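A quick write-up on the structure given underneath.
The values are calculated or read from the model by the stated rules, or taken from the named source; none is laboratory data. Bear in mind that the values here come from a model prediction, so they are computed numbers and not experimental data. Positions of Cβ are backbone-derived with ideal geometry, glycine not excepted, and every protein chain shown enters the neighbour counts.
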Amino acid sequence: MPKVKKIPLRQCIACRELKEKKQMLRITKEAEGKIFLDFSGKANGRGAYICNNPDCVKKLKKNRLLDRVFSCRVDDGLYAAIEEEYFGRQN
């Protein structure tokens, strides 16, 4: 029987749905406190995932979900960068 490769799933912090890791954007907080968009998906630190649903991106910013996930104040510029990443791609 051929070996089937397991597809890694991650939960979106906005809609709470499990989706393929490749389809999601990872936001990472390093031990030093730096928070950034992790395009490689492999950076060290605490990761949070957001799917590419426009409603999820809007909910992320409106409810400041990254502030909750990382238990600290997240710069508005990071929320803007996430919107740019998703909405800039779709146009």
Legend entry - Extreme residue, nearest to Arg10 (Cα to Cα), among residues of the range 40-50 that are of a type outside the set (A, V, I, L, M) and modelled with pLDDT of 95 or more: Tyr49
Inset, instruction - Evaluate the following for Lys5: is it modelled with pLDDT of 95 or more and either out of contact with any helix residue (DSSP H, G or I) (no Cβ under 7 Å at 6 or more places or on another chain) or loosely packed, with under 12 Cβ neighbours inside 10 Å (or both)? - result: no
Legend entry - Arg46 buried (at least 17 other Cβ atoms within 10 Å of the Cβ) and in contact with a strand residue (DSSP E or B) (Cβ under 8 Å, 6 or more places away or on another chain): no
